[in-house]
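Here is the structure we will look at, set down as structure tokens.
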Amino acid sequence: VQLQASGGGLVQAGGSLRLSCAASGSAFGIRSRGWYRQAPGNERELVARITSGGDTQYAESVKGRFTISRDSAKNIVYLQMNSLRPEDTAVYYCNHRYVVRDFWGQGTLVTVSS
């Protein structure tokens, strides 16, 4: 499975971006799709996750601002990010979690200017 993330960029505070992560390969056995982020000097942290059953989980810092969704037929996961803040600046990574292992995308940089 290969994951290709896109949609990052530079945006002013209060703006919006939508990240996409397209996966090649079979989705058989997938348990969840998610987005993580890592800011300089920080550990990678979970931003949002959606299970194969459609349940969602968000970091407290993004609740009400970010929305994760998926197109299972196309094996794409999205992260709609609204009301962006400078502290959202990070490299965002998509993740697919299977029963036996995780797969990671290459990361896309999101920079929010104040």
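Couple of notes before you dig in:
- Solvent-free Debye scattering, log10 I(q)/I(0), computed from the Cα coordinates of the chain at q = 0.12, 0.13, 0.17, 0.18 Å⁻¹: -0.37, -0.44, -0.75, -0.83
- Region 1-107: GluC sites (Glu not before Pro) falling in loop per DSSP and having at most 13 other Cβ within 10 Å: E43
Bear in mind that the values in this text are calculations on the coordinates, not laboratory data. From a predicted model like this one, the values you see are computed outputs, not experimental measurements. No Cβ is skipped: glycine too gets one built from the backbone with ideal geometry, and neighbour counts run over all protein chains shown.
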